[in-house]
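Novice: Below is the structure I would like to discuss, written out as structure tokens.
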Amino acid sequence: MTLLERYILKNTFNAFAACLVALTGVIWITQALRELDLLTGKGQTLLIFLTVTGLSLPALINVIAPVALFLATLYTLNKLNGDSELIVMSAGGMPPQRLLRPFMALAAFVCAVVAIISVYLMPASFQELRQLFTKIRADFVGTMAKEGQFITLENGITFHYRERSGDALLGIFMEDLREKDKAIVYLAERGQTVEQSGNAYLVLQKGSVQRKEPNSRDSSIVAFERYAVDLSAFNKEGGEVIYKPRERSTTQLLFPDKNELLYQEQRGRFRAELHDRLSSWLYPLAMMVIAFAALGEARTTRQGRSLAIASAVVAIVLLRILGFAASSAVARTPAAVIAVYGVPLAGILVSLLFIFKGPAMRSAQAKFHAAIRNLLPSRSPAPQKA
């Protein structure tokens with residue numbers, strides 16, 4: 001790059017980094033506030049809290065990076081024009097493709113980052129989040145139970161212990177009402193949670209298990225000296241974690257298990273998720289060229305640039321709406337896959353047409369309007385009354 005192109009690239013990158021950090025920070029804080037329940041209600045450590053909120057960053061960056069590039073392009077071009085640098089470049093004979101080069105270089109970098117996040121980092125972070133939340137919900141004794149208090153989970157489990165003695169829990173009561181007509185009650189003098197092979201167990205000592213059979217008034221009571229309860233069995237997901245389409249790796253989406261029940265029920269969602277990931281890298285480039293098409297041409301202050309900026313914002317909003325519509329349509333019909341890639345590519349091609357052929361298009365439009373006016377009959381002035 002020439003010295004001038006490096007200067008433009010430096011200004012644009014600085015603006016992009018500032019926008020990305022600011023927007024990501026604001027949205028990350030709002031997400032972190034929603035997860036405060038991990039610390040207050042579920043008794044998790046600060047490390048777990050930071051891990052959960054940190055794993056949401058790839059998804060945030062994937063959404064915010066194209067917008068940050070769009071804002072950085074608008075800012076840089078507006079600044080260059082406001083300082084009359086863009087006018088000097090144009091008067092010096094700098095063609096649009098030379099001015100576009102530093103913006104294209106930064107857009108290529110952002111596209112690569114978005115592609116890596118979409119294809120690899122984001123599904124990996126979603127998988128890690130799912131495993132972490134599953135582990136937290138399964139080990140409810142260590143994460144949510146508090147001394148002397150009854151806790152009731154969404155799946156119908158009620159747990160209580162009287163007091164804690166070291167690592168042991170004393171005076172344990174646990175009721176399992178996952179099946180309404182088949183209640184199970186565990187009573188034990190003491191118990192302790194242990195982890196083995198990645199699963200959490202509650203080992204009870206000197207207690208009993210009361211089971212009430214359906215359509216029966218009597219309950220069967222079994223006394224025990226030692227009894228192990230698999231806490232993962234109380235998880236709503238039934239022990240084995242079944243990942244949603246967005247939590248699966250790109251390889252699993254490309255080569256899914258066609259005999260899997262979830263794939264058979266959500267075949268369209270698998271297809272939509274795959275093509276969303278493969279097309280996501282096109283949006284940073286599309287947003288950049290839209291901003292360049294709006295403000296890349298030198299203009300005087302009298303002409304104003306507010307209308308051009310407003311037009312670029314409207315174009316970006318329309319681009320994303322059409323992109324979401326295409327993603328929704330491809331979940332219903334495979335033919336809509338063309339639209340998933342066609343929407344950003346159309347935005348890129350139309351913007352490039354305005355960038356390189358804009359003056360010629362405006363000149364042809366002016367000539368056309370002049371020809372129309374010449375063809376229209378001229379009106380003679382109306383006679384005035386004496």
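The values are calculated or read from the model by the stated rules, or taken from the named source; none is laboratory data. What you see is a predicted model; the values in this text were computed from it and never measured. Neighbour counts run over all protein chains shown; Cβ positions are idealised from the backbone, glycine included. All accessible areas refer to the heavy atoms of the entire protein, side chains included, with ligands and DNA or RNA removed. Shrake-Rupley method; radii C 1.70, N 1.55, O 1.52, S 1.80 Å.
Novice: Quick one: which residues, 5+ away or cross-chain, put their amide H under 5 Å from the amide H of Gly156? H built at 1.01 Å from N.
Specialist: Counting only residues 5 or more places away or on other chains, the set is empty.
Novice: With θ taken as phi - 60° and the coefficients 6.51, -1.76 and 1.60, list the Karplus ³J(HN,Hα) couplings across the stretch 248-258 in order, rounded to whole Hz; mark glycine and proline as x.
Specialist: Residue by residue, the stretch 248-258 yields 8, 5, 5, 4, 5, 6, 5, 10, x, 7, 5 Hz.
Novice: Amide H of Arg190: which non-local residues (sequence gap of 5 or more, or other chain) have their own amide H closer than 5 Å, using H built in the peptide plane?
Specialist: The list, which skips near neighbours in sequence, is Gly171, Ile172, Gln205.
Novice: I would also like to ask the following. With a point put 7 Å past each Cα toward its Cβ, work out how far Ile87 is from Leu3 in nm, to one decimal.
Specialist: With each label placed 7 Å out from Cα toward Cβ, I get 2.3 nm.
Novice: Then there's this: Could you pull out every residue, at least 5 positions away or on a different chain, whose amide H is within less than 5 Å of the one on Ala228? Hs are placed 1.01 Å off N in the peptide plane, and Pro or chain starts have none.
Specialist: Under 5 Å from the amide H of Ala228: Leu204.
Novice: Something else: So what does log10 I(q)/I(0) come out to for the stretch 242-351 at q = 0.15, 0.17, 0.22 Å⁻¹, using the Debye formula with one equal point on every Cα and no solvent?
Specialist: Values returned for q = 0.15, 0.17, 0.22 Å⁻¹ are -0.69, -0.81, -1.10.
Novice: Pairs to check: Lys146/Lys212; Lys180/Lys258; Lys212/Lys258; Lys182/Lys258. Give those whose C-alpha atoms are more than 29 Å from each other in this structure. It would help to have the intermediate numbers written out before the result.
Specialist: Numbers: Lys146/Lys212 27 Å; Lys180/Lys258 35 Å; Lys212/Lys258 41 Å; Lys182/Lys258 36 Å.
Distance filter (> 29 Å) returns Lys180/Lys258; Lys212/Lys258; Lys182/Lys258.
Novice: If you don't mind, there's one more thing I want to ask. Per residue of the stretch 263-272, in order, report the coupling 6.51 cos²θ - 1.76 cosθ + 1.60 (Karplus, θ = phi - 60°) as ³J(HN,Hα) in whole Hz, putting x for Gly and Pro.
Specialist: The phi angles translate into 5, 5, 7, 10, 4, x, 5, 4, 5, 5 Hz.
Novice: Express the carbon and sulfur contribution to the solvent-accessible surface of the stretch 154-197 as a percent, rounded to the nearest whole number, probe 1.4 angstrom. Write out the running numbers ahead of the final one.
Specialist: Details: 1040 of 2550 Å².
Carbon and sulfur atoms account for 41 percent of the accessible area of the stretch 154-197.
Novice: Step through the residues of the stretch 103-117 one at a time and calculate ³J(HN,Hα) from phi using the Karplus curve (6.51 cos²θ - 1.76 cosθ + 1.60, θ = phi - 60°), rounding each to whole Hz and writing x for Gly and Pro.
Specialist: Values, residue by residue: 5, 5, 4, 5, 5, 5, 5, 5, 4, 5, 4, 5, 5, 5, 5 Hz.
Novice: Given a 1.4 angstrom probe, I'd like the percentage of the accessible area of the stretch 41-100 that is carbon and sulfur, rounded to a whole number. Show your work: numbers first, answer last.
Specialist: Numbers: 1790 of 2620 Å².
With neighbouring chains kept in place, the figure for the stretch 41-100 is 68 percent.
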